[in-house]
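Since the structure comes first, as structure tokens, the remarks are kept for the end.
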Amino acid sequence: YIGDERVIIGSYHFVFEDEKCAVPEGEEGRFQELPEEYSHLFLAIGGRLAAVICIEDPLREEAPEVIADLKKLGISKMMMTGDGERTARAIAARVGVDEYYAEVLPEDKAGFVEAEKKKGRKVVMVGDGINDSPALSAADVGIAISEGAEIAREIADITISEDALHQLVTLKAISNAL
């Protein structure tokens, strides 16, 4: 609280859908022009949007090449993120991902993995956070990033370094050969 006014900070879903906050009148245009390449954290005071914090999560330089190589090896549906639709779309376009899922809540990641498996697909999940752990466990193969959360590393079948995303391509090539 600031004085008597409630302060809320969080995702679009939390601030606007769950908490029913509003964009101040006359500011709708600015709200629509938020840069898509950033993750957005919304701050509302007294039920009205007061600020948007733009967070840059820089793409790894090799990401487009790794995605292209994985596609050649038969990997599809490559991105699931908690980021908003606009940010996910912009990042997917930059790295060459054809199919992505945005605004995925942490508790829904494992459900997504299970649904894909029920369709007869083999699922490889790559993640680094506590919120990724249930999906890493549910996947046919869970791959953790070594610099991520300890629980993700414990649950995963394989751990790779964040500095070596090309290891994903090597792993898939070895798997195909076997």
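The values are calculated or read from the model by the stated rules, or taken from the named source; none is laboratory data. Treat the numbers as computed from the prediction; the structure is a model and nothing was measured. Cβ sites come from the backbone with ideal geometry, for glycine too, and all protein chains shown count toward neighbours. Keep in mind that these areas ignore ligands, DNA and RNA; they rest on the heavy atoms of the full protein, side chains included. Shrake-Rupley method; radii C 1.70, N 1.55, O 1.52, S 1.80 Å.
Structural remarks
- Under 5 Å from the amide H of Glu37 lies no amide H of any residue 5 or more positions distant or on a separate chain, with H modelled from the backbone and absent for Pro and chain starts.
- For Leu49, distant residues with modelled amide H under 5 Å away: Ala22, Val23
- Vicinal HN-Hα couplings computed from phi for segment 44-52 (Karplus, 6.51 cos²θ - 1.76 cosθ + 1.60; Hz; Gly/Pro x): 10, 10, x, x, 10, 4, 10, 7, 10
- Computed from backbone phi with θ = phi - 60° and the Karplus coefficients 6.51, -1.76 and 1.60, the 3J(HN,Hα) list for segment 9-17 is 9, x, 6, 3, 4, 5, 6, 9, 8 Hz; x is used for glycine and proline.
- Altogether, the Stokes-Einstein calculation at 25 °C and 0.890 mPa s, with the Kirkwood radius of segment 51-150 over Cα pairs as Rh, returns a diffusion coefficient of 171 µm²/s.
- J(HN,Hα) series, segment 121-127, from Karplus relation 6.51 cos²θ - 1.76 cosθ + 1.60, nearest Hz, glycine and proline x: 8, 8, 10, 10, 10, 10, x
- Heavy-atom surface analysis with a 1.4 Å probe gives segment 88-177 a carbon and sulfur content of 51 percent of its accessible area.
- Between segment 8-23 and segment 117-178, the alpha-carbon center distance in angstrom: 32
- Restricting segment 11-79 to trypsin sites (Lys or Arg not before Pro) that sit in a DSSP loop and have at most 15 other Cβ atoms within 10 Å of their own Cβ leaves Lys20, Arg60, Lys77.
- Close amide H pairs (under 5 Å, H built 1.01 Å from N) link Ser146 with Ile160, Ser161, Glu162, residues at least 5 positions away or on another chain.
- With the whole protein complex present, Ser137 retains an accessible surface near 80 Å², based on a 1.4 Å probe.
- Beta bridge orientation in the chain: antiparallel %, DSSP, nearest 5: 55
- Per residue, the chain exposes 60 Å² of accessible surface when a 1.4 Å probe is rolled over the protein heavy atoms with every protein chain present.
- Divided by 2.2 N^0.38 Å, where N counts the residues, the Cα radius of gyration of the chain comes to 1.18.
- Remark: the Glu28-Glu147 segment gains 38.9 nm on full extension, using 0.36 nm per residue and subtracting the alpha carbon distance.
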